1. Treat each spin label as a single point 7 Å out from the Cα along the C-beta direction, and report the GLN236 to VAL276 distance in nm.
2. Can you tell me which of 17-27, 148-158, 132-142 comes out highest on packing, and rank the rest after it, using the mean Cβ neighbours within 10 Å?
3. Stretch ASP103-ARG214 to full length: gain in nm at 0.36 nm per residue minus the Cα-Cα span?
4. If I build a Gaussian network model for the chain, linking alpha-carbon pairs within less than 10 angstrom, which residue out of VAL109, VAL126, VAL202 has the largest mean-square fluctuation?
5. For segment 169-214, which trypsin sites (Lys or Arg not before Pro) are both in a DSSP coil and crowded by at most 15 other Cβ atoms within 10 Å?
6. At 0.36 nm per residue, and after removing the present C-alpha to C-alpha distance, how many nm does the segment from THR162 to LYS80 gain when stretched out fully?
7. In a Gaussian network model over the chain where Cα atoms closer than 10 Å are linked, find which of GLY250, GLY232, GLY102 has the largest mean-square fluctuation.
8. In a shell of Cβ-Cβ distance under 15 Å around ASP167, excluding ASP167 itself, what net charge do Lys and Arg (+1) and Asp and Glu (-1) give?
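What follows draws every value from the coordinates through simple rules; no lab data is involved. In this text, all values refer to a predicted model and were calculated from it rather than measured experimentally. Using ideal geometry, Cβ is built from the backbone for each residue, glycine included, and neighbour counts are taken over all protein chains shown.
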Amino acid sequence: MTSAALDPDVLISWFDATARDLPWRRPECTPWGVLVSEIMLQQTPVARVEPVWHEWLRRWPTPSALAAASQAEVLRAWGKLGYPRRALRLHAAATAIAEHHGDAVPSDVDTLLALPGIGAYTARAVAAFAYGRRCPVVDTNVRRVVARAVHGAGDAGPPSTTRDLADVEALLPADEADAARYSAAVMELGQVVCTARSPRCVDCPVLDGCAWHRNGRPAYNGPAKPVQKFAGTDRQVRGLLLDVLRDSSGPVVRARLDAVWADAGQRDRCLDSLLVDGLVEQTDDGRFALPGDH
Ligand code: SF4
């Protein structure tokens with residue numbers, strides 16, 4: 001493996017000159033703010049995350065403040081960010097940080113990984129971006145940039161945590177602070193320049209060393225990725241059911257939920273999955289509510 005294709009000096013200079021000014025990147029942002037941003041950004045674009053992130057940090061500036069909120073409050077404040085199980089994961093992590101870590105977000109990867117709801121990506125992103133640690137931070141964007149620039153492939157194949165981490169680890173500069181900055185730069189490159197559908201190679205700082213570009217940009221011919229639809233999916237129906245509960249101040253009767261989607265089979269399946277996921281609870285008298293909201 002060579003890092004020539006993704007030269008750290010080039011990428012860090014590019015990042016210093018062009019990085020988007022995002023609130024969780026500012027020096028005054030706390031590690032807690034970074035953790036909240038990383039969970040929110042996993043499946044939601046920056047523009048939708050930013051206002052909600054500000055509101056969360058204003059309302060819950062520390063892990064213990066969030067831990068003191070009810071799950072129902074947290075789910076309401078999650079609003080329309082989607083994939084609301086993330087809100088409960090964040091709440092569970094905040095509770096563990098408040099109870100076992102003196103209300104301070106841990107800085108090392110293993111301790112972060114031991115927190116509930118914190119996975120391989122989030123643990124390393126927090127260690128790198130909140131604490132400047134040297135560790136491989138691998139998300140979809142980074143995998144795509146490495147696949148193209150280093151391996152000359154049009155896109156990354158199916159993820160493999162072990163292989164992907166080793167792949168990116170080999171690229172990191174030795175210096176700890178540089179490595180963290182480099183991780184942020186590679187991710188930014190994938191988000192704003194080397195995008196999945198239309199990479200802007202002419203604007204790319206590593207164009208000269210990019211193996212995919214040099215090879216004439218061969219088409220990706222690995223396994224197809226599942227297409228993320230929304231309309232008509234269980235995800236949409238789950239969202240509609242949760243909207244009813246978020247907009248209500250307490251438990252609702254079944255008929256209120258039945259009104260949001262005509263297909264009874266799909267509706268029942270979605271409601272069951274929300275109950276299983278702990279996003280909805282049923283009261284003793286058969287009504288439905290957000291967790292703890294009754
Ligand atoms: S040259 Fe093009 S394909 Fe290569 S890293 Fe830059 S944007 Fe991506």
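1. Distance between label points: 2.2 nm.
2. Sorting 17-27, 148-158, 132-142 by mean packing, highest first, produces 132-142, 148-158, 17-27.
3. 35.0 nm
4. Looking only at VAL109, VAL126, VAL202, the biggest GNM fluctuation is shown by VAL202.
5. Of the trypsin sites (Lys or Arg not before Pro), the ones in loops of segment 169-214 whose Cβ has at most 15 other Cβ atoms within 10 Å are ARG197, ARG200.
6. Taking THR162 through LYS80 to full extension adds about 26.2 nm, to one decimal.
7. GLY232
8. Taking every Cβ under 15 Å from that of ASP167, the sum is +1.
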